[in-house]
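Since the structure comes first, as C-alpha cells, the remarks are kept for the end.
The values are calculated or read from the model by the stated rules, or taken from the named source; none is laboratory data. Not measured: the values here are computed from a predicted model. Note that each Cβ is placed from the backbone with ideal geometry, even for glycine, and that neighbours are counted across all protein chains shown. When the accessible area is computed, the model is the full protein with side chains, heavy atoms only, and any ligands, DNA or RNA have been set aside. Shrake-Rupley method; radii C 1.70, N 1.55, O 1.52, S 1.80 Å.
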Amino acid sequence: MIRDQKNRTDLSKAIPVNTPFVVHVDTCNMCNFRCKFCTTGDHELLKKHNRPIGQMSYEAFTKIIDDLAQFPVKVKDLIFHKNGEPLLHERIIDMMRYAKQKNVANKLILVTNGSLLTPKLSREIMSVGIDYMQISLEGVSAEGYKKVSRVDIDYDKLVANVGYLFAHRHHSLKAKTIRRF
C-alpha cells in the first residue's frame, strides 16, 4: 500500500491515541482464489483450525461504522479487506456507501484480487466515491495465475476489466490505484 510519507504522525508524541488510525473490515473471509501463499485459500487448514468461513452481516457492519462515528476524530484509513475477497460480499457496495455517507474515515480503501470486476461493478464502486483501490495481481498470464492462485481465470477478461476501471476512473480514484507486482 502506498503510504502518505508527508503527513505521518509521530507515534511517540501521539500515544495514547483517541481514535484508531487504521481499521480493517473483513466483510467476507472467503476467497475465490486458493493462492499458495495465503491461508484463506487453504480450506483444509481452515477446517483443521475450526475457522468458520462466511460473510459479515450488514447489521454487524453498520454497527461497526456507527461505533467508529463515535470517535472524536475520523479514522485515517478504513480498509475493506483483511483475509477475504471483499467483492464476494453481495452487499459490499451498500457497505462502502454506508461508510462513505457516515464520513468515518479520511480515506476509504478497497483491496481486491480484481477477478470479479466487471464494467458495471467498477461503475458502482466509483459511484460510492472510494478513495483508493489496490488490485493485487497474481501473474502476468493465465498460466501464471494458475500457478499462484491455483484457479483458472480468463486472463484477457481480467486485464480488460481492470483496464476499464483504470480508463473510467474518476479523479477521486487516483491513477496510483492500480499497482502491478
Open item on the list: Please report the antiparallel percentage of DSSP beta bridges with both residues in the chain, rounded to the nearest 5.
Closed with: 5
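Past 23 Å, Cα to Cα, is the threshold; run 47/82; 6/63; 100/157; 36/63; 6/74 against it and keep the listed order. Working shown, then result.
Values: 47/82 19 Å; 6/63 33 Å; 100/157 29 Å; 36/63 34 Å; 6/74 19 Å.
In this structure, 6/63; 100/157; 36/63 lie more than 23 Å apart at Cα.
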Task: Probe 1.4 Å - accessible area at residue 73, Å² to nearest ten - done: 80
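Leaving out ligands and nucleic acids, note down the accessible area per residue over segment 41-181 with a 1.4 angstrom probe, in whole Å².
Numbers: 7620 Å² over 141 residues.
Normalised by residue count, the accessible surface of segment 41-181 is 54 Å².
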Open item on the list: Lone cysteines in the chain, defined as no other cysteine's Cβ under 4.7 Å from theirs: which are they?
Closed with: 28, 31
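Which FRET efficiency value, to the nearest 0.05, is calculated for residue 150 and residue 8 with the Förster distance at 45 angstrom and r the Cβ-Cβ distance? Write out the running numbers ahead of the final one.
On the way: r = 38 Å, r/R0 = 0.83.
According to the calculation, E is roughly 0.75.
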Task: For Cα extents along the principal axes in Å, calculated from these coordinates, the label among (1) 48, 43, 33; (2) 45, 44, 36; (3) 54, 31, 31 - done: (1)
Open item on the list: Accessible area of the chain with a 1.4 Å probe: how many percent of it is carbon plus sulfur?
Closed with: 54
Task: Accessible surface of residue 92 - all protein chains present, 1.4 Å probe, nearest 10 Å² - done: 10
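Cβ under 15 Å from residue 121's Cβ, residue 121 left aside: what net charge do those residues give with Lys, Arg +1 and Asp, Glu -1?
Values: positive: 91, 97, 120, 123, 157, 169; negative: 85, 90, 94, 124.
Taking every other residue near residue 121 into account, the sum is +2.
Hey, got the dipole for segment 1-104? About the Cα centre, +1 on K and R Cβ, -1 on D and E Cβ, debye to the nearest 20? Display every interim value, and only then the final one.
Values: 17 positive and 12 negative charges, 60 e Å.
Result for segment 1-104 is approximately 280 debye, rounded to the nearest 20.
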Task: Computed [θ] at 222 nm, helices only, for the chain once each DSSP H run of length n ≥ 4 contributes -39500 (n - 2.57) - done: -10000 deg cm²/dmol
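Please get the size of the charge dipole for the chain, origin at its Cα centre, with Cβ charges of +1 on Lys and Arg and -1 on Asp and Glu, quoted in debye to the nearest 20. Can you show the working numbers first?
Working: 29 positive and 19 negative charges, 102 e Å.
So the dipole magnitude of the chain works out to roughly 480 debye.
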